[in-house]
Structure formats: C-alpha cells, structure tokens
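Input: a single structure, listed below in structure tokens.
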Amino acid sequence: MSVVAAGGSQAELTARYSHALMNTFGAPKRVFVRGEGVHLWDADGNRYLDLLAGLAVNALGHAHPQVLGAISSQLSTLGHVSNFFATPTQIALAERLAGFVTANSPGLEARVFFTNSGTEANEAGFKITRRTGRTKLVAMEGAFHGRSLGALALTANPAYREPFEPLPGEVTFVPYGDADALVAVLDETVAAVIVEPIQGENGVVEPPSDFLARARELTSGVGALLWIDEVQTGMGRCGDWLASTASGVTADIVTFAKGLGNGFPVGACVATGEAAALLGPGSHGTTFGGNPVAAAAGLAVIGIIERDGLLERTTAAGNRLAAGIMALGHPQVVGVRGRGLLRGVVLADPIAPAVAEAALDAGFVINAPRPNVLRLAPPLIIPEAEIDRFVAALATLLPEPDEGPEPPAPQSLVEPVETQP
C-alpha cells in the first residue's frame with residue numbers, strides 16, 4: 001500500500017477503521033503513526049509519553065535500533081523454515097528462557113515450546129496439564145490468561161467468559177493469594193494450579209509474599225503442577241527476569257510473551273522436570289512459533305536488558321514513580337501497588353477511566369484496568385525526567401474527591417510537532 005493510501009488525519013483514519021475492522025475493541029482512542037523511544041505520535045502530529053508500552057510489550061521502547069538491527073539482519077538471512085527444521089536463534093533463545101525459569105533450581109531440565117502470543121503460550125500449558133492424565137484445574141479469582149477458549153476457561157471475568165460458555169476444562173476458581181482456599185480444593189485429581197505473580201488486568205494486585213511458596217508446597221504434596229503465568233510480569237517488567245523468582249520457587253510450567261519480543265510477536269511455554277517431557281511428537285504444533293526472526297528479537301531484547309543493566313534500573317525507576325505519586329499527597333491517591341515498572345495507582349473514587357481519558361488528552365498514554373485503578377507500565381528505558389513530568393501532570397489530572405467523576409483535561413500539555421511523522 002502506498003504512503004498516501006495509508007495516511008490521513010485522525011478523523012479520516014478512525015472512520016476507515018470503523019468500516020474495515022471488526023468492532024471488538026470499540027473506536028480507537030487515537031491512531032498512532034510513529035514511535036521513538038518512550039514517545040508516540042498520532043496522525044495529527046501530537047506527541048505522547050507512552051506509559052503503557054503496548055500493554056507491557058515495548059520493554060525497550062519504540063524503534064529500538066539494536067532490536068531493529070537484529071530483526072532486519074535475521075530476516076535478510078533466514079526468515080522462516082517451519083518447525084520441521086531448527087535454527088540457531090531458536091535454540092539459543094530456548095536455552096536462555098530455560099535458564100531464567102530454573103534459576104532457583106540449577107541443573108533442573110527445562111524445555112521450551114515457542115508461540116506467537118501469551119494466549120498461545122497458555123494454550124500449550126493447558127495441553128501439558130491434560131497430559132498428566134488429570135483434567136481438573138485451579139485458577140484464581142481476578143485472573144486473566146487470554147481470550148482463546150482454553151485460556152478463557154482459566155480467566156475469571158464473567159463478562160469475558162459467559163458469552164462463550166461452555167468452556168473447556170474443569171476449572172475451580174479460588175480467591176487470589178488465599179493458601180487456605182487452595183488447601184480446600186487440592187487433591188490427587190487436580191492437574192495444575194495456575195497463578196500470576198501479580199494480577200495486571202485485575203488492577204496490579206499482589207498476593208501475600210509467601211503465597212507462591214505455599215502454592216508450590218501444596219501442589220507438590222498432591223502431585224499437581226504449579227503453572228505460573230509471567231506473560232505480563234516477566235522479562236524484566238518487575239525488576240527481575242521473572243516476577244516469581246524472588247519467591248524462591250521453581251514452577252512446572254512458566255508462560256512468557258509481551259516484553260519478550262519488544263513488539264515482535266513471540267511467546268513461550270517453558271516446562272521443567274517431568275513436565276518437560278509431557279508433550280511429545282505430534283501432541284502440539286505451530287507454524288510460526290519460534291521462527292528465526294522472532295527468536296532473534298527475543299535474544300536482542302535479553303542482550304540489551306543485560307548490557308544496559310535494566311533490571312536494576314527498572315526497580316529504581318519503579319520506586320521513583322511510586323514514591324513520586326505518593327508524595328503528591330493527593331486525596332484521590334489511596335496507594336500505589338506493584339513492583340518495578342508495573343504499577344497500579346489506586347484511587348479513592350471510581351474515576352480511573354475518566355482520568356485515563358484526561359491523561360490521553362494531556363499527552364500521556366495510560367489505562368484503567370479497574371474503575372478505581374490506573375495502570376502504568378512504561379518502557380524500562382523511561383528517563384527519570386519523564387517519570388517526574390508525568391507525576392507533576394497527574395496532580396492536575398486528578399480531581400478533588402468532592403469534585404465529581406469528571407477530571408480536567410488540560411489540552412495544553414499535548415506537545416504538537418510541526419511536521420507530520
């Protein structure tokens with residue numbers, strides 16, 4: 001398609017969108033045409049600070065030169081061969097991910113199944129659980145694991161589930177972080193327990209600090225698998241390669257995606273120990289999963305995070321962000337949850353969607369996963385000055401508790417550019 005055919009104003013492109021795409025996401029809030037580092041530009045030339053990173057995907061920001069170089073180099077060498085064959089990048093990325101998953105259990109065998117997304121990674125995990133010979137699964141209230149039928153069966157939100165029932169599996173939901181509730185439902189008929197180290201879609205909610213360790217103990221006691229979904233929390237997002245590493249546990253299944261490819265579609269399901277052998281020839285497959293270009297993107301992301309010390313930097317930046325927001329002393333801010341650069345700003349009133357809209361008008365991309373929670377998941381490379389700029393702006397975007405649900409939307413904070421990108 002020519003540049004002319006692909007271009008147009010915000011209004012023109014939004015109208016074309018409404019006729020060309022299925023209405024699964026509603027009308028787009030903006031049409032973005034360019035990204036660089038931590039910034040985005042819309043079709044009308046306005047610049048935004050990206051504090052969502054494509055839902056925790058663009059860990060290294062937009063158009064990172066080393067990631068682009070790795071993708072371009074690999075694509076110009078070898079782009080796709082199917083999984084009848086292997087490539088060096090595929091093998092190397094699998095080795096790195098296996099090492100992350102077994103960090104607390106050196107020497108434990110781990111094997112990887114590559115996918116194109118987090119949902120597909122969780123589908124692979126679901127199939128692994130079936131190979132145990134058991135069919136019961138335990139998931140958490142507030143959980144989100146994807147939109148395909150298998151992943152949706154493990155997702156708690158009735159609004160997502162009910163239109164598509166009956167869903168696969170025998171799934172029991174228990175309160176997130178409640179070890180006693182796990183005890184009540186676990187027995188030798190349970191195939192696996194699936195849990196997120198932090199529930200991002202539920203408003204950036206963390207369980208008690210000992211919950212994952214208790215879940216590991218309880219699942220091992222009945223011969224069930226422990227499955228940790230690190231799709232949103234992994235790849236440095238929370239200050240470590242896995243958000244679950246600090247708990248000291250090693251899961252039987254770990255699923256990755258989002259930040260792994262910095263925008264290039266790639267996911268992975270990693271299984272350890274006996275679970276690593278449960279899928280054999282013919283039991284699962286993918287055409288594009290683990291293709292050499294996706295693997296090159298993943299290796300580049302890992303290399304840059306290591307080279308630039310971004311795990312430590314993410315922890316420091318996240319602490320600065322949370323401390324700055326709390327230091328505002330604003331009566332709407334109840335607290336800041338999460339770790340690293342996955343943060344939830346808890347508000348006193350259910351005004352988060354209106355605040356997110358005001359923030360967008362003011363040149364900041366955030367979202368509201370819950371009526372009273374703002375989610376912040378900026379690129380791990382975000383400068384301190386940009387963190388401070390957002391914190392200062394947030395004070396103007398939040399209304400006083402008695403001002404009602406509609407916060408101000410200061411348009412003047414949007415930074416226009418004179419030349420269309």
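The values are calculated or read from the model by the stated rules, or taken from the named source; none is laboratory data. Everything numeric here is computed off the predicted structure, so don't read it as measured data. Ideal geometry is used to build each Cβ from the backbone, glycine not excepted, and the neighbour counts take in all protein chains shown. Keep in mind that these areas ignore ligands, DNA and RNA; they rest on the heavy atoms of the full protein, side chains included. Shrake-Rupley method; radii C 1.70, N 1.55, O 1.52, S 1.80 Å.
Of everything in segment 174-223, what is within 30 Å of Leu376 (Cα to Cα), charged (D, E, K, R) and open to solvent by 60 Å² or more (accessible area, probe 1.4 Å)? Give them in sequence order. Matches in segment 174-223: Glu206, Asp210, Arg214. Contact map, segment 366-377: residues that are free of Cβ contacts under 8 Å to residues at least 12 places away in the same chain and surrounded by 19 or more Cβ atoms within 10 Å (Cβ to Cβ) paired with residues that are of a type in the set (D, E, K, R) and outside any strand (DSSP E or B), Cβ distance under 6 Å, separation 6+ or inter-chain. No pairs are found.
Screening Ala268 against (1) over 26 Å from Gly146 (Cα atoms); (2) open to solvent by less than 10 Å² (accessible area, probe 1.4 Å) leaves a single unmet condition, (1). Taking the criterion of being closer than 29 Å to Leu75 by Cβ, hydrophobic (A, V, I, L, M, F, W, C) and either at pLDDT below 95 or over 20 Å from the mean Cα position of the chain (by Cα) (or both), the residues of segment 267-295 that qualify are Leu279, Phe288, Val293. If you go through segment 143-168 and keep only what is open to solvent by 20 Å² or more (accessible area, probe 1.4 Å) and part of a loop (DSSP other than H, G, I, E, B), you end up with Phe144, Arg147, Ser148, Ala156, Asn157, Glu165, Pro166, Leu167, Pro168.
Within segment 169-209, the set of residues being over 17 Å from the mean Cα position of the chain (by Cα) and more than 22 Å from Val222 (Cβ to Cβ) comprises just one member, Ser209. Against the test of being at positive phi and surrounded by fewer than 24 Cβ atoms within 10 Å (Cβ to Cβ), the options Gly69, Gly79, Gly99, Gly61 yield a single qualifying residue, Gly61. Looking across Leu51, Leu40, Leu55, one residue alone is open to solvent by less than 10 Å² (accessible area, probe 1.4 Å) and within 22 Å of the chain's Cα centre (by Cα). It is Leu51. Here is a check on your reading of the model: is Val171 crowded, with 21+ Cβ neighbours inside 10 Å and either part of a loop (DSSP other than H, G, I, E, B) or among the aliphatic types (A, V, I, L, M) (or both)? Judged against the criteria, Val171 is not a match.
Residue by residue, here is whether (1) closer than 25 Å to Gly263 by Cβ; (2) of a type in the set (Gly, Ala, Ser); (3) at pLDDT below 95 holds:
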residue	(1), (2), (3)
Ala354	no, yes, no
Gly363	yes, yes, no
Leu374	yes, no, no
Pro383	yes, no, no
Arg389	yes, no, no
Leu394	no, no, no
Glu403	no, no, yes
Gln411	no, no, yes
Glu415	yes, no, yes
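Residue count for segment 348-365, restricted to those that are touching a strand residue (DSSP E or B) at 6+ places or on another chain (Cβ under 8 Å) and either open to solvent by 20 Å² or more (accessible area, probe 1.4 Å) or at negative phi (or both): 9. Which count do you get for residues in segment 328-343 that are free of Cβ contacts under 8 Å to residues at least 40 places away in the same chain and closer than 27 Å to Pro208 by Cβ? Selection size over segment 328-343: 3. Go over the candidates Glu95, Glu141, Glu123, Glu165 one by one and state the one that is without any contact (Cβ under 8 Å) to a residue 60 or more places away in the chain and touching a Cys at 6+ places or on another chain (Cβ under 9 Å). Result: Glu123 is the single residue among Glu95, Glu141, Glu123, Glu165 that is without any contact (Cβ under 8 Å) to a residue 60 or more places away in the chain and touching a Cys at 6+ places or on another chain (Cβ under 9 Å).
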